[in-house]
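K.L.:
This structure is in structure tokens; I'll ask about it shortly.
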């Protein structure tokens, strides 16, 4: 029994190790080929960090190694060389790929939920919390004894102390 | 009453998940719908000496299909395109995206050619203008050169029957009455 479990655990461990190894390999990136001057590349890098790679979707255009991302970087590079401003380039891209390409979409009626939703939820949570705490305080508030209850309590205390002295 | 609130929250989460998970996150809505199709002038695949431009198609309803020999889904779509082309419902033009000419020609030789012609977009510039981010992508363009529909991924028989054909028929009717 013990042996068989051991036998099973060896391939499992190997599998895990190879998975980790392949993961780290996948993480290694080819260096970006340097094209032209450094200032432009820096500007490109900064701008493309704001942009989404549409193929991988959760990667920025700056990080992506997808072919399309490289094409888009080339496109941006050329537009920068042509003297276009970052704003103009972003307008160019959103005209073609929509707001989805922006990691920080513009504030428009369609993105209100996206921008303000979390704050609405936060406020709603605070309101619920406030309401709950207020109600709880009412629950544990001391209720003053009525006259009858006070008399009974005093009687109980008196009989109790008598018993103790007895 | 005690269970009503958690149950309500649960139902809301279920509804959101059902809608959210049922959607394809790869389908990015195109801002180009109902905008003029970007112009281009490209060499043709089979006759490199000749060019093809979106302008050439003025006055016609046509379909532009972005494809490449390296694109896996295009292989799935290809026999369907041949069928659609045979039906003669609408002319299908190809945009051969970042492909090698020999590879593209081999592909058409091997699998058949559904396209009236294919234009060669070697550096992917035209594809960027069309907001292409993954082949196959297919556009329906009307007589005035306006993009009326974009489909991302293979055009399945269902999509063809329910979206493309009715739209093409409607556009042809509109064109005839104009």
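K.L.:
Over all directions, average the projected area of the Cα convex hull of region A:78-139 and note it in nm².
P.N.:
Working: hull surface 23.3 nm².
Taking a quarter of the hull surface, the average projection is 5.8 nm².
K.L.:
Taking the Cα atoms only, what angle lies between the long axis of helix B:101-111 and the longest principal axis of chain B, rounded to 10 degrees?
P.N.:
70
K.L.:
Out of all DSSP beta bridges in chain B, what portion is antiparallel? Express it as a percent rounded to 5.
P.N.:
Working: 15 of 24 bridges.
Around 60 percent of the beta bridges assigned by DSSP in chain B are antiparallel ones.
K.L.:
Can you grab the distance from the C-alpha centre of region A:116-149 to the C-alpha centre of region A:53-100, Å, no decimals?
P.N.:
Between the Cα centres of region A:116-149 and region A:53-100 lies a distance of 51 Å.
K.L.:
Here's another thing I want to ask about it. Using DSSP, restrict attention to beta bridges with both residues in the protein assembly as shown and report what percent are antiparallel, rounded to the nearest 5. Please report the intermediate quantities before stating the final value.
P.N.:
Numbers: 17 of 26 bridges.
So the antiparallel bridges in the protein assembly as shown amount to around 65 percent.
K.L.:
Separate question: Sum -39500 (n - 2.57) across every DSSP H segment of at least 4 residues in chain B, then divide by the residue count to get the 222 nm mean residue ellipticity, nearest 500. Don't skip to the answer; put the middle values down first.
P.N.:
Values: 5 runs with 64 residues, N = 178.
Taking each H run of at least 4 residues, the total per residue is -11500 deg cm²/dmol.
K.L.:
Another one. Based on the Kirkwood radius over alpha-carbon pairs, what value in µm²/s does the Stokes-Einstein equation return for the translational diffusion coefficient of chain B at 4 °C and 1.567 mPa s?
P.N.:
Working: Rh = 17.7 Å.
My calculation gives 73 µm²/s for D.
K.L.:
Using a 10 Å cut-off around each Cβ of peptide A:53-65, what is the average number of partner chain Cβ atoms that fall inside?
P.N.:
Values: counts 1, 6, 3, 0, 4, 1, 0, 0, 0, 0, 0, 0, 0.
Mean partner-chain Cβ count within 10 Å for A:53-65: 1.
K.L.:
I would also like to ask the following. Compute a Gaussian network model of chain B, connecting alpha carbons closer than 10 Å, and tell me which residue from B:33, B:82, B:128 fluctuates the most.
P.N.:
Highest fluctuation among the options: B:128.
K.L.:
Listed highest first by mean packing, meaning other Cβ atoms within 10 Å per residue, what order do A:140-148, B:83-91 come in?
P.N.:
Values: A:140-148: 7.4, B:83-91: 14.3.
So the peptides A:140-148, B:83-91, ranked by packing, come out B:83-91, A:140-148.
K.L.:
Related question: Is the shape of region B:128-178 rounded, prolate or oblate, going by the alpha carbon gyration tensor and its root eigenvalues a ≥ b ≥ c, with a/c under 1.5 for rounded and a/b larger than b/c for prolate? Kindly include the intermediate steps, with their values, before the conclusion.
P.N.:
Numbers: a/c = 4.81, a/b = 1.39, b/c = 3.45.
Note, shape of region B:128-178 comes out oblate.
K.L.:
A further question on this structure: Please state, rounded to one decimal and in Å, the Kirkwood hydrodynamic radius that region A:35-106 gives when every pair of distinct Cα atoms enters the mean of 1/r.
P.N.:
Every distinct Cα pair counted, the radius reaches 12.0 Å.
K.L.:
Counting alpha carbon pairs within less than 8 Å and at least 6 residues apart, what relative contact order, in whole percent, applies to chain B? Mind dumping the intermediate values first?
P.N.:
Values: 268 pairs, mean separation 48.8, N = 178.
Reported as a whole number, the value is 27 percent.
K.L.:
Using the alpha-carbon centroid of each, what span in Å lies between region B:143-175 and region B:75-123?
P.N.:
18
K.L.:
Let me ask something additional. Give me the inter-chain shielding for B:124-131: mean count of other chain Cβ atoms within 10 Å, whole number please. Walk me through the intermediate numbers first.
P.N.:
Values: counts 7, 4, 0, 3, 9, 4, 1, 9.
Per residue, the average neighbour count from other chains is 5.
K.L.:
Averaged over A:91-101, how many beta carbons belonging to a partner chain fall within 10 Å of each residue's beta carbon?
P.N.:
5
Coordinate-derived values only; no laboratory data. In this text the structure is predicted, and so the values were computed from the model without any measurement. Note: ideal-geometry Cβ built from the backbone for every residue, glycine included; neighbour counts use all protein chains shown.
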